[in-house]
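What follows draws every value from the coordinates through simple rules; no lab data is involved. It should be emphasised that the depicted structure is a prediction, and the values quoted were computed from it without experimental measurement. In this analysis, Cβ positions are derived from the backbone assuming ideal geometry, glycine residues included, and neighbour counts consider all displayed protein chains.
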Amino acid sequence: MKCLLCGQTMKTVLTFSSLLLIKNDDSCLCSDCDTTFERIGEEHCLNCMKTALSTKCQDCQFWCKEGVEVSHRSIFTYNQAMKDFFSRYKFDGDFLLRKVFASVLSAELRKYKEYQFVVIPLSPERLLDRGFNQVEGLVEAAGFKYLDLLEKREERASSSKSRSERLTTELPFFIKSGVSIPKKILLIDDIYTTGTTINRVKKLLEEAGAEDVKTFSLVR
Ligand SMILES: [Zn+2]
Ligand SMILES: [Zn+2]
C-alpha cells in the first residue's frame, strides 16, 4: 500500500499494539507523513480548544455575550503540514485525499452517537468550482452520513471584511424549507479559526428548534 500524501510504499510493521488490536492499522499515511500533523494538546480552552489556555478564551466570552455557548471539539492544530494538506485537498481538488484522516475522524465522530450530523455547506458557485464539498468528503470517508438541512448563498470573500463587519453582515446560510430540525446536532466544518461561521450557524439551528448543537472541526 502506498502513502496517500507522499506516495512511498508503506511497510507493514507488526507492532505490539496492532497485534493487540488497540490501534487499527488501516491508516492511509506513512509514519513519516503521520508525524508531521500535530494533535491539540491537553492545555486548551474548555469551550473551543484554543491551545495554550486553560480557561474560557476571549473569543468564547464574546460568543457567550452573543447568546452562544461554544461547545467545540477539534483534533489537529493548523500547522504547516495541515496547510499543505488543505491546499492539495481543497484548492488542487485532490478528492482522494478525503481519506487521509478517515480512521482518526471515524474514531472521534463515533463518540457522538445521539447526534445527527450536519455539514457546513458551500455556495452553489463554490461547489461548482471545486467539484465537491471538502467537509462532506471527510465525513463520508470516515463512514458517516449527514443531514442536508442548510444552504449557502454566494458572498464577498470574508477575508476582505473586518471581524466586526463579518458579524454584522447578514448570515449567508439559511435552513432549507420543509426540513425538520433534530433535537441534537453535531455541526461539522473542516477548520475552526475565529469560529464566526460555525457559531452563527449553530445559533441559527438553535433558533430553529435544535436543543443541543455541538460543533466539530478536523482542525483548530
Ligand atoms: Zn507519506
Ligand atoms: Zn475558547
Once the piece of chain linking Glu108 and Phe95 is laid out straight, how much longer is it, given 0.36 nm per residue of separation minus the C-alpha distance between them? 2.5 nm
So what does the Cα-only Debye profile of the chain read at q = 0.11 Å⁻¹, as log10 I(q)/I(0), no solvent term? -0.59
Can you list the residues, at least 5 places off or on another chain, whose amide H is less than 5 Å from the amide H of Leu150, using H built in the peptide plane? Lys176
By DSSP, what percent of the beta bridges with both residues in the chain are antiparallel, rounded to the nearest 5? 25
Could you derive backbone 3J(HN,Hα) for the stretch 144-153 from the dihedral phi with the Karplus parameters 6.51, -1.76 and 1.60 (θ = phi - 60°), listing whole Hz in sequence and x where the residue is Gly or Pro? 10, 9, 9, 8, 9, 10, 10, 9, 10, 9
Okay, helix-only estimate at 222 nm for the chain: each DSSP H run of n ≥ 4 adds -39500 (n - 2.57), divide by all residues, round to 500 deg cm²/dmol; what do you get? -7500 deg cm²/dmol
Taking the Cα atoms of the stretch 177-220 alone, what are Rg (to one decimal) and Dmax (as a whole number) in Å? 10.8, 33
Could you identify which residue out of Ser106, Ser180, Ser74 has the top mean-square fluctuation in a GNM of the chain using Cα springs shorter than 10 Å? Ser180
For Tyr192, other-chain or 5+-apart residues with amide H closer than 5 Å (H placed, Pro excluded) are Val219, Arg220
Could you sort out which of Lys50/Lys111; Lys65/Lys90; Lys50/Lys176; Lys2/Lys214; Lys11/Lys111; Lys111/Lys203 sit more than 26 Å apart by Cα distance in this structure? Lys65/Lys90; Lys50/Lys176; Lys2/Lys214; Lys11/Lys111
Sort the following peptides by mean Cβ neighbour count (other Cβ atoms within 10 Å, averaged over residues), highest first: 126-139, 80-93. 126-139, 80-93
For Glu151 and Thr35, what is the calculated FRET efficiency with R₀ set at 41 Å and r taken between the beta-carbons, to the nearest 0.05? 0.55
Residues whose built amide H sits under 5 Å from the amide H of Arg73, excluding neighbours closer than 5 in sequence, are Thr215, Phe216, Ser217
For the stretch 195-201, Karplus-derived ³J(HN,Hα) couplings (6.51, -1.76, 1.60; θ = phi - 60°; whole Hz; x for glycine and proline) come out as x, 4, 4, 5, 6, 6, 6
